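Below is one structure, written out as structure tokens; comments come after it.
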Amino acid sequence: MFHRKDSAKFRVLDSNGKPVANTKVHINQINHEFLFGCGAFESLPYTHGQAVHNGTGAPLPTGPDGKQYTEEELIKEHDRLEDRMNKWLGLFNYGTLPFYWGGYEPEEGSPHTDQLMAAAKFLKSKDVTVKGHPLCWHTGCVPWLMEYDNETILKRQLERIHRDVGNFKGVIDMWDVINEVVIMPVYDKYDNAITRICKEYGRVGLVKKVFDAAQETNPDGIFLINDFNLSEKYEQLITDCLDAGAPIKTIGLQSHQHQGVWSLEKTEEILSRFEHFGLPIHFTENTIVAGPLVAPEITDLQDAHYNDDDSTPELEQKQAENLERMYRNLFENHPLVTAITNWDFGDGAWLNAPSGVIRKDGSLKPSYNALHHLIKEEWHTELDATTDANGFITIEGYKGKYEISSSAGKKATFELSKGGDIQLI
């Protein structure tokens, strides 16, 4: 697992810039370089509720069930969401926020920028890397785009990318640029604007245009292509897009395992076909369910639905074991895999599935505890060291962010990379 670790020599200085010699220091990892992620959708009502709680925002007009909130109920809901967010932050360092165009800008020219910005800034303040999902997708697209001809649809799509990538630059620098392209341009569930322009410009042509727009707006951004179809068709699409010059920085693989948990052999076969690109790989949407499997005849998971009582303690334990097995393999054996996003934080978020790591009542599931053990204990570096006569120490540990403290209570943070000076204050 050497690919997840690093070793570097540091010189520890006091507040006056002088070496701290022959002194005991404590070193503790406070964040991973590896992105252990989760859907962070519930940070939206939490940050909105936090603003209301502090008197700086307008109350939500209704609750999730459409019922009007009283002031007392709003405070109670805020406290519930705060408890969930604290549990979220206790496990993950990477969050995906929803930019589905249909929900983000239901009225043309009035995007919900402030709401998303508040959530993104809150997450970033907690040292969480934030990704926006997605900038272009045929599903959930805004109906008002259908009023335009194809040339104008494409223009509006590219304007949307320039606007949002630009507005969030420095807060969100990672985006799923286009989602689920393999199925296009044949998509017969319903007519939509993105499928229309894909038919005219072609898959590769559309991918190139949207990626170019993102790259132009934020040259240092990390831009993903993302798909659930992990067949050779996706592999060929990526090849064609790269050959066309599309600035794809990272490959996104969805791993919704509602119809069966992937075997090690399946995982290795899939990775063998995408690792050869030499690009970072993100498991962008992972679900392992503590419930019955979806019937194989269901070809679109959107048509599946779970009952409230589908989960059992035995299935929850099995979910935890399967998650641990998957995370361990990807983290320990695949250097190009740099992120895993567990799609649902809480049960019932999508399809009413018991696919979260906490239950609907907020209690922790075995899967939360299993991931916590891996991320915060087994794959965690904490140690005591003593500086030499010149203030130097050598630190080896998992790549990421660290805090160093002296017995005098002085502290500093640093990244375990190529070494340098650390000044205690």
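The values are calculated or read from the model by the stated rules, or taken from the named source; none is laboratory data. Being a predicted model, the structure only gives us computed values, none of them experimental. Positions of Cβ are generated from backbone atoms using ideal geometry, with glycine treated the same way; all protein chains shown enter the neighbour counts. Keep in mind that these areas ignore ligands, DNA and RNA; they rest on the heavy atoms of the full protein, side chains included. Shrake-Rupley method; radii C 1.70, N 1.55, O 1.52, S 1.80 Å.
Go through the residues of the range 286-302 one by one and say whether even a single one is assigned to a strand (DSSP E or B), closer than 25 Å to PRO98 by Cα, touching a Pro at 6+ places or on another chain (Cβ under 8 Å) and at pLDDT 95 or above. No.
Tell me, please, whether a residue that is out of contact with any Lys or Arg (no Cβ under 7 Å at 6 or more places or on another chain), open to solvent by 20 Å² or more (accessible area, probe 1.4 Å), at pLDDT 70 or above and under 29 Å from LEU374 (Cα atoms) can be found in the range 15-24. Within the range 15-24, one or more residues are out of contact with any Lys or Arg (no Cβ under 7 Å at 6 or more places or on another chain), open to solvent by 20 Å² or more (accessible area, probe 1.4 Å), at pLDDT 70 or above and under 29 Å from LEU374 (Cα atoms). Looking across ALA389, ALA412, ALA385, ALA370, one residue alone is part of a helix (DSSP H, G or I) and modelled with pLDDT of 95 or more. It is ALA370. Exactly one residue among ASP344, ASP308 is among the acidic types (Asp, Glu), under 19 Å from the mean Cα position of the chain (by Cα), part of a loop (DSSP other than H, G, I, E, B) and over 30 Å from GLN236 (Cβ atoms), and that residue is ASP344.
The number of residues in the range 222-256 being among the charged types (D, E, K, R) and free of Cβ contacts under 8 Å to residues at least 24 places away in the same chain comes to 1.
If you filter the range 341-367 down to residues that are hydrophobic (A, V, I, L, M, F, W, C) and open to solvent by 40 Å² or more (accessible area, probe 1.4 Å), you find that the one that is modelled with the highest pLDDT is LEU364.
Of all residues in the range 330-348, none that is over 15 Å from HIS256 (Cβ atoms) has its Cβ atom under 9 Å from the Cβ atom of a residue that is at pLDDT below 95 and part of a strand (DSSP E or B), 6 or more apart or on another chain. Only residues that are open to solvent by 70 Å² or more (accessible area, probe 1.4 Å) and not in a helix (DSSP H, G or I) were counted in the range 373-382, giving 1. Just wondering, is there one or more residues in the range 242-250 that are more than 21 Å from GLU321 (Cα to Cα) and assigned to a helix (DSSP H, G or I)? Yes, because at least one residue in the range 242-250 is more than 21 Å from GLU321 (Cα to Cα) and assigned to a helix (DSSP H, G or I). Return a yes/no flag: does the range 121-129 have any residue that is in a strand (DSSP E or B) and surrounded by 14 or more Cβ atoms within 10 Å (Cβ to Cβ). There is at least one residue in the range 121-129 that is in a strand (DSSP E or B) and surrounded by 14 or more Cβ atoms within 10 Å (Cβ to Cβ). Taken over the range 188-218, residues that are assigned to a loop (DSSP other than H, G, I, E, B) and either open to solvent by 40 Å² or more (accessible area, probe 1.4 Å) or under 15 Å from ASP240 (Cα atoms) (or both) amount to 5. Scanning the range 381-410 for residues that are of a type in the set (Lys, Arg) and under 30 Å from the mean Cα position of the chain (by Cα) yields a count of 2.
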